[in-house]
Structure formats: C-alpha cells, structure tokens
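Take a look at the structure below.
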Amino acid sequence: MQFRYDPEVEAFRAEVRQFIRDNLPPEEERLRRGYEGGFRSDEEEKAYVMGFQRKLAARGWLAMAWPKEYGGGGASHLRQLVYNEEMAYAQAPVGNMGIAWVGPSLMLYGTEEQKRTFIPRIAQAQDWWCTLYSEPGAGSDLAALQTRAVRDGDEYVIDGQKIWTSGGHLADWGWLAARTDPDAPKHKGITMFMVDMKSPGITVRPLINMANRHGFNEVFFEEVRVPASQVVGEVNRGWYHMAVALDFERSGIQAFAGGRRTVERLVALAKSRPELVRARPAIRHELADRAVEVNVGTFLAYRVATMQARGLVPNTEASASKLFGSEMSQRIALTGMHLLGMAGQLRDGSPHQVIDQATAYLQSVSATIAAGTSEIQRGIIATRGLGLPRG
C-alpha cells in the first residue's frame with residue numbers, strides 16, 4: 001500500500017523543495033550552521049536565520065498557519081505538515097518564537113494598538129523573539145514560577161531569573177510570564193508581558209551545553225521597568241493565555257523528517273567506508289531498525305495531521321508521536337556512535353574525525369526532556385488514551 005496526498009498538496013511539496021534548493025546554502029554548510037554552533041558571531045547567526053525567514057515571509061510561508069487577515073497563509077493542516085516535513089529534512093532555520101507564541105496570543109488577547117504594532121513585524125520576521133518561561137525552580141511545573149512583576153504607576157517593575165532561554169542572546173523582544181499576585185493560587189497570579197530585551201536591568205548570560213554549544217541562556221531581571229501597555233491579556237490570567245492553541249499542525253513530523261535525513265547520511269557513510277561495517281557487521285541490522293522506526297514515526301505524525309484536518313483533537317496521538325520521535329532520535333544518535341566505534345568520540349579539530357557524531361549524540365540527550373518529558377507523555381497516553389487510573 002502506498003500513501004499519497006492530493007495532487008495539490010504534492011505540488012506544494014515540490015514548490016517547497018525548489019524554494020529550499022534556491023535559498024539555502026549547500027547541505028554541508030547547513031550541517032555546520034545549526035542554531036547552536038558554527039557561526040563566527042551572534043550577528044552572523046542572526047543574519048543567516050532572519051534572512052532566510054524573511055524570504056519565507058515574502059511568500060506568506062513564515063506564518064503559514066496564521067489567518068490571512070493577520071499576514072499568515074491560512075494553510076490547511078496537510079500543507080503545514082508538508083512544509084514542516086520538508087523544512088526539517090533540509091534542516092532549515094524556521095523556528096520562530098514570535099510566530100509560535102506571541103502572534104497567536106496577540107490575535108486572541110491583544111489590544112488593537114498591540115496588534116497593529118507587533119503582528120506585522122512578527123509576520124515579516126522583523127524581530128527575534130525569545131520565550132521567558134522556565135526558571136531554576138519552575139521547569140516542568142511552570143506554574144511554580146517566581147519572577148515578580150509589581151505595578152508602579154504606568155509601569156511594572158520586574159525582578160527575577162529565567163533559564164533555558166533559547167536564543168535569548170539574539171532576541172530583540174521577550175515573551176515573559178511573571179507573577180503579579182503572589183497570594184493567588186499558583187495558576188491564577190501570572191501575567192504575560194512583551195519585554196524589550198535591551199531594557200536596562202536585563203542581563204543575558206550564556207549556558208554552554210555539554211556538546212560545547214551555545215543556544216540556551218539564563219536571563220536576570222533587576223528592577224526592569226516595562227510599560228503597562230505591554231501587558232497582553234488580563235492581569236493574573238496569563239497561565240490561560242500561555243496555553244494558546246490556534247489551528248496549528250502539531251504532528252511532530254519534524255523529528256521524523258530530520259531523523260530520516262540523519263539515517264540516510266549514516267547509510268551513505270557506511271557505504272563509503274566499508275571498513276566500518278566490516279568491523280561491526282551487526283550495524284547493518286541496526287541501521288535497518290532505525291530506517292523502519294523513521295517510517296513508523298512518519299505515519300504516526302501523518303495520523304495526527306490527518307485527524308486535525310478532519311476536525312478531531314489528537315491528544316493521545318500527539319503524545320505518542322512526540323514520545324516515539326524523541327526516543328527514536330536518541331537511538332539514531334547512538335547508532336551513529338556504534339557505526340563509528342571509538343572514532344565517534346572525536347570532536348572538531350581532530351584530524352582523525354570522520355563526522356562530528358559526538359555532538360549529535362550529546363545533543364540528543366535532551367530530546368526526552370524538551371517540549372514535554374517522556375514521563376509526561378506516557379502519563380497522557382495512559383490516562384487519556386488507555387483510560388488507566390492515575391498512580
């Protein structure tokens with residue numbers, strides 16, 4: 001049995017592929033240039049990412065899922081799926097916190113002035129946004145956050161610390177969750193702010209991960225003054241505003257598309273270096289297992305998107321896709337280490353390095369934590385999907 005989308009959707013896939021060929025550097029340079037390494041400076045990274053995203057914006061693709069009246073594409077779930085799949089396969093720099101979080105919140109809760117000022121800039125990739133959610137004591141339990149925002153006339157004064165802020169060192173604006181009522185139940189005293197990251201009192205410090213890459217940051221707020229006009233939505237109702245969900249495709253296809261390309265590269269390496277396979281003949285079976293898993297995961301993701309296209313809510317199915325995709329990515333990274341043997345541990349700069357598999361392996365560790373831990377996903381599958389009692 002072969003699965004195919006409608007000709008219109010497949011024609012769009014071909015259009016996306018051609019756009020990628022015309023607008024991205026060669027693959028080897030894209031591999032070197034990730035969100036977390038390979039750039040000579042922050043300015044070079046920002047120019048590369050924002051430049052590509054502005055080309056997407058010119059075609060109406062950057063905010064593909066947004067309604068057209070807000071500068072989006074109004075795309076169907078299947079067009080979103082194809083777009084996300086092809087961009088992830090090419091490792092294109094399409095992640096954008098403004099598109100994912102800020103714009104949708106402004107559409108629903110923003111004032112008319114906020115919408116006029118910020119939404120066009122977000123849709124055209126004029127600003128880099130970061131999300132200021134997690135704190136040292138508030139990660140998986142985000143409602144435990146303690147960063148304070150105290151009203152002082154027409155301003156709020158912000159004090160506290162955020163952590164694991166992706167791209168915070170590059171950001172122009174921050175999407176901040178802060179506690180405005182310390183006496184309220186923890187889910188009810190939070191407010192959302194738009195914060196100029198150049199405001200006095202903000203300090204951004206890099207967090208270098210164990211793969212020696214800089215993507216995360218910790219951000220400190222010391223008496224940072226934010227105009228009350230930059231509050232989004234109701235004061236003390238920020239928790240509910242954070243849970244914004246417009247009509248986005250959330251299949252998790254990116255993990256499987258990226259995984260497919262990684263497996264293809266490992267297979268190509270095995271063919272070009274037969275001595276690696278002779279040293280470990282069982283690696284053939286391991287590579288085959290990874291290829292099968294990529295196909296299985298792809299169909300899990302397709303199921304989520306097609307359910308959304310039919311107006312269904314794929315709660316359990318989305319968790320299953322995320323769980324399988326994150327654990328699969330770790331297995332693919334481990335297979336790469338097995339293929340290379342001891343040479344897999346060599347880092348950049350070694351004349352004996354074959355590929356930088358060590359970085360891929362180290363960075364895969366966080367896959368089962370980021371965007372919802374495996375334990376959380378299993379809990380959702382068990383209780384909401386299988387109807388099992390809570391432990």
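The values are calculated or read from the model by the stated rules, or taken from the named source; none is laboratory data. Everything numeric in this text was worked out from a predicted model, so none of it was measured. Positions of Cβ are backbone-derived with ideal geometry, glycine not excepted, and every protein chain shown enters the neighbour counts. We work out accessible area using only protein heavy atoms, side chains counted, and drop any ligands, DNA or RNA first. Shrake-Rupley method; radii C 1.70, N 1.55, O 1.52, S 1.80 Å.
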Global geometry of the range 159-253, whether rounded, prolate or oblate, following the gyration tensor of its Cα atoms and the 1.5 cut on a/c: oblate
Residues listed by number, the range 244-286, amide nitrogen under 14 Å from Ala370 label point at 7 Å toward C-beta: 254-256, 258-259
Fraction of alpha-carbon pairs over 14 Å apart in the range 235-298 - percent: 68 percent
Shape category assigned to the range 282-391 from the gyration tensor of Cα positions, a/c cut at 1.5: prolate
With every protein chain in place, the range 94-244: carbon and sulfur % of accessible area (1.4 Å): 50 percent
Mean accessible surface per residue for the chain, computed with a 1.4 Å probe while every protein chain stays in place, in Å²: 49 Å²
Members of Lys68/Lys115; Lys162/Lys188; Lys186/Lys322; Lys162/Lys198 lying beyond 21 Å, as alpha-carbon distances in this model show: Lys186/Lys322
Mean-position separation - Cα centroids, the range 183-205 and the range 257-332, in angstrom: 38 Å
Cα-based equivalent ellipsoid, the range 192-303: semi-axes from gyration tensor eigenvalues, Å: 46, 23, 9
In sequence order, calculated HN-Hα J values of the range 318-335 (Karplus, 6.51, -1.76, 1.60; Hz; x Gly/Pro): 5, 5, 5, 5, 5, 4, 5, x, 5, 6, 4, 4, 5, 5, 5, 4, 5, 4
Long-range amide H partners of Leu132 with built H, under 5 Å: Trp175, Leu176, Ala177
Shape call, the range 1-129: gyration tensor on alpha carbons, a/c limit 1.5: oblate
Highest-MSF residue in the chain out of Ala138, Ala11, Ala63 [GNM, Cα springs under 10 Å]: Ala11
Computed [θ] at 222 nm, helices only, for the chain once each DSSP H run of length n ≥ 4 contributes -39500 (n - 2.57): -14000 deg cm²/dmol
Karplus 3J(HN,Hα) series, Hz, for the range 297-308 with 6.51 cos²θ - 1.76 cosθ + 1.60 (x for Gly, Pro): x, 4, 6, 4, 5, 4, 4, 4, 5, 5, 5, 4
The chain - convex hull of alpha carbons, volume per residue in Å³: 162 Å³
HN-Hα J in Hz across the range 239-244 - Karplus 6.51, -1.76, 1.60, θ = phi - 60°, x for Gly and Pro: 4, 6, 6, 5, 7, 4
Carbon + sulfur, % of accessible area of the range 350-391 - ligands and nucleic acids excluded, 1.4 Å: 61 percent
